[in-house]
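A quick write-up on the structure given underneath.
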Amino acid sequence: MGRKPLPHGKRDDSDRSDQPKEAFLDRGRRYSLYAQNIIDTTREPLVVLNSELRVSSANRAFYEFFKVDPAETEGEWIYDLGDRQWDIPRLRELLEKVLPARMSFDNYEVTQDFPRIGRKTLLLNARQIKGDETPNREPLILVAFEDFTERMKLEQERDQALKAREELVAVVSHEIKNPLTIITTSLDLLKRTLSHDGQGQTERLIEQIRSATLRMGHIVSDLLDVTKIESDRFIMRQAAVDVPELITEVVAVFGPIAAKKSIHLEHGVSPDVVAVWCDRDWIFQVLPNLLANAVKFTGDGGTIRIDVDRTEDRVRFQVKDSGCGIPADQLAHVFERFWQAKHNQYLGVGLGLYIAKSVVEAHGGKIGLSSKEGEGSIFYFTLAAAGALPVRKTA
Amino acid sequence: MTTSGTTRTETVCKSILIVEDEPGIRENLQALLELEGYRIFTASNGEEGLRLLRRMPRPCLILLDLLMPVLNGMEFLEAKSHEDAIAAIPVCIVSGVAERPDMSKASAFIKKPIELDGLLRFVRSYCGVPEDRRSD
């Protein structure tokens with residue numbers, strides 16, 4: 001029976017019996033040094049525990065991070081280290097399962113006060129090193145420590161800052177609404193009570209103030225909406241929403257606005273469209289956003305058409321206008337924050353389409369547009385079709 | 001803004017109660033609705049509103065602000081729901097709050113600043129068009 005072949009097809013120089021063994025031992029030492037160098041260079045604290053959960057060894061990073069030395073660490077039971085800060089019931093449970101049940105764990109979070117280094121938050125990962133992979137053939141546990149303290153602090157600060165900003169916006173926008181309401185209702189009264197002067201000057205002025213006030217109102221609303229959308233805690237309450245009814249309501253609200261520019265507003269809902277799954281309040285903003293956009297671009301006497309149709313489980317809403325269209329080089333930017341058509345009057349902050357896109361995408365839908373300068377634009381978005389409508393509540 | 005759709009009325013009731021703490025809004029809404037032919041009662045907070053409700057002729061609609069001192073809008077709704085005589089009177093919340101409020105005790109919600117035509121459409125659906133305005 002021949003000897004087991006040497007690796008890599010090396011020649012068998014077995015008559016010089018000590019040399020292969022030396023080469024083997026030498027390679028072993030080199031690998032060992034190689035591994036040791038890696039372990040010592042890595043910045044992550046590592047500790048190796050034996051089956052009794054006593055420290056078999058620790059790396060340089062461990063001693064530097066925890067400011068301890070081998071004398072007080074090696075051979076010690078992990079729970080005895082330092083101020084017994086590792087003696088945590090849940091950690092014991094986890095560690096004591098690693099060898100017998102061959103379990104590993106990752107990202108176990110520990111926040112403790114450590115002697116000499118103060119309060120830290122660490123993430124622990126641990127896994128078994130099998131016996132046949134270790135020098136003494138004993139199974140060992142490798143535990144790695146990741147310092148999460150700074151990251152956690154930054155995340156907390158970021159959360160606090162976001163919350164503070166949300167609160168600020170909510171309070172300010174609420175406060176602005178009362179004075180705005182006083183202005184608009186005062187104007188409504190003025191219009192109704194003033195005797196008409198020959199030149200229509202007074203009416204014109206009133207209309208200007210009212211229009212400016214409504215613009216302010218929209219800007220405040222948009223500001224509030226964007227803050228909500230961008231918050232981590234953006235909530236939507238989704239339900240099955242009756243589409244024909246939604247479109248009817250939108251047209252009722254928008255009709256008068258379109259009529260002011262003598263724009264003809266048409267709509268059609270395909271018979272196989274019954275309901276969509278969405279947050280009605282938010283979607284009720286998307287349609288008017290697109291319509292307002294269409295009205296802005298469409299000249300007097302033009303046409304805007306709303307169409308809703310269905311393909312399998314997606315419902316597609318489309319707003320088509322006969323307006324001046326959007327230049328090709330702008331198309332990619334239309335849904336960005338603050339985008340406004342250049343030649344347009346400054347009518348707001350340019351957040352409407354950005355909000356529409358954010359809301360549609362939060363619903364898992366798609367939004368898009370096609371446009372040709374001089375011919376008009378088509379804006380569309382899709383939502384998931386809903387099954388049967390719930391029984392309607394009579395309020 | 002949705003209506004319950006069941007209250008188109010031909011009755012004589014055309015009183016409306018406005019509960020709103022901001023004087024400018026309260027007075028303007030009163031003037032506007034009086035021009036439309038309605039009879040208007042006002043209160044400047046929820047507490048006053050409740051007291052008034054118990055004494056006045058039954059209104060066909062209450063316009064209710066939410067953020068008010070002494071007794072706010074939601075507290076008003078809660079108290080109202082426990083008094084048989086006034087529990088069923090429809091309420092429309094008129095507010096600048098950012099989040100849609102709990103609508104279980106109210107019929108509708110109108111955001112500030114108020115879009116007047118929408119408000120009037122809504123009021124007419126609850127209160128009808130007053131006699132002397134029908135020819136308009």
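The values are calculated or read from the model by the stated rules, or taken from the named source; none is laboratory data. Quick caveat: nothing in here was measured; it's all calculated off a predicted structure. Reconstructed Cβ throughout: ideal geometry from the backbone, glycine too, with neighbour counts over all protein chains shown. Note: areas computed on protein heavy atoms with side chains; ligands, DNA, RNA excluded. Shrake-Rupley method; radii C 1.70, N 1.55, O 1.52, S 1.80 Å.
Observations, loosely collected:
- Under 5 Å between amide hydrogens, built in the peptide plane, is the criterion, and for A:S57 it picks out A:V48 among residues at least 5 positions away or on other chains.
- Charge dipole of chain A (Cα centre as origin; +1 on each Lys and Arg Cβ, -1 on each Asp and Glu Cβ, all else neutral): 520 debye, rounded to the nearest 20.
- By a 1.4 Å probe calculation restricted to protein chains, A:K97 has an accessible surface near 80 Å², given to the nearest 10.
- Between A:Q36 and A:I209, the simple label model (points 7 Å from Cα in the Cβ direction) yields a spacing of 8.8 nm.
- Top of A:D222, A:D69, A:D300 by mean-square fluctuation, Gaussian network on chain A, Cα under 10 Å: A:D69
- Placed amide H near A:R337: partners under 5 Å, 5+ positions off or other chain: none
- Counting Cα-Cα pairs of the protein assembly as shown in 20 Å increments starting at 0 gives whole-percent bin shares of 16, 34, 22, 19, 7, 2, 0.
- Karplus-derived 3J(HN,Hα), 6.51/-1.76/1.60, for each residue of region B:101-118, Hz, glycine and proline x: x, 5, 9, 5, 10, 10, 8, 7, 9, 10, 8, 8, x, 7, 8, 4, 4, x
- Packing-based order for A:178-190, A:49-61, A:70-82, using average beta carbon neighbours within 10 Å, highest first: A:178-190, A:49-61, A:70-82
- To the nearest 10, the accessible area of A:Y380 is 60 Å² with a 1.4 Å probe.
- Kyte-Doolittle mean at least -1.0 and Cα axial length at least 18 Å: DSSP H helices in chain A: A:149-193, A:201-230, A:243-260, A:280-297
- Per residue of peptide A:184-191, the mean number of Cβ atoms on other chains within 10 Å of the residue Cβ is 6.
- DSSP beta bridge pairing in the protein assembly as shown, given as percent antiparallel to the nearest 5: 70
- Mean-square fluctuations from a GNM of chain A, with a 10 angstrom spring cutoff on Cα atoms, peak among A:R314, A:R137, A:R210 at A:R137.
- Average other protein chain Cβ within 10 Å of Cβ, residues A:248-255: 1
- Shielding of A:217-225 by partner chains, average beta-carbon count, 10 Å: 2
- Building the convex hull from the alpha-carbon atoms of region B:67-108 and averaging its projection over directions returns 3.1 nm².
- Nearest-ten-degree value, helix B:46-55 long axis tilted from longest Cα axis of chain B: 50
- Note that region B:17-80 shows a convex hull volume over its alpha carbon atoms of 69 Å³ per residue.
- A helix-only calculation puts the protein assembly as shown at -13500 deg cm²/dmol for mean residue ellipticity at 222 nm, using -39500 (n - 2.57) for each DSSP H run of at least four residues, averaged over all residues.
- Contour excess over end-to-end distance, with Cα ends at A:E266 and A:Q330 and 0.36 nm allotted per residue: 20.3 nm
- Accessible area ranking (1.4 Å probe, heavy atoms, ligands and nucleic acids excluded), largest first, for A:V251, A:V360: A:V251, A:V360.
- Region A:26-95-region B:84-136 distance, computed between alpha-carbon centres (Å): 71
- Near B:T42, the amide H atoms lying under 5 Å from its own belong to B:I18; only residues 5 or more places off or on other chains count, and H is placed 1.01 Å from N.
- Candidates B:M103, A:G350, B:I18 compared by Cα position along the dipole of the protein assembly as shown: farthest toward the positive end lies A:G350, with charges placed on Cβ.
- Between A:E96 and A:D147, the contour length at 0.36 nm per residue exceeds the Cα-Cα span by 16.1 nm.
- Farthest towards the positive end of the charge dipole of chain A, among the residues A:V315, A:S370, A:V171, is the Cα of A:S370, using unit charges on the Cβ of Lys, Arg, Asp and Glu.
- Simple point charges give the picture: +1 on the Cβ of Lys and Arg, -1 on the Cβ of Asp and Glu, and for region B:2-130 a dipole about the Cα centre of about 440 debye.
- Potential lengthening between A:R27 and A:Y79 on full extension [0.36 nm per residue; Cα-Cα distance subtracted]: 15.0 nm
- Here the 3J(HN,Hα) profile of region B:64-81, calculated from phi with Karplus coefficients 6.51, -1.76 and 1.60 at θ = phi - 60°, is 10, 7, 9, 8, 9, x, 6, 9, 7, x, 5, 5, 4, 4, 5, 5, 4, 5 Hz, Gly and Pro shown as x.
- Taking Cα centre as origin and charging only the Cβ of basic (Lys, Arg, +1) and acidic (Asp, Glu, -1) residues, the dipole magnitude of region A:238-367 rounds to 480 debye.
- 12 Å reach of a label modelled at B:E78, 7 Å along Cα-to-Cβ, counting backbone N of region B:92-120: none
- Members of A:K228/B:K105; A:K163/A:K228; A:K296/A:K320; B:K80/B:K105; A:K163/B:K111; A:K67/A:K120 lying beyond 19 Å, as alpha-carbon distances in this model show: A:K228/B:K105; A:K163/B:K111
- The Cα-based radius of gyration of region B:2-130, divided by its Kirkwood radius, gives an Rg/Rh of 0.91.
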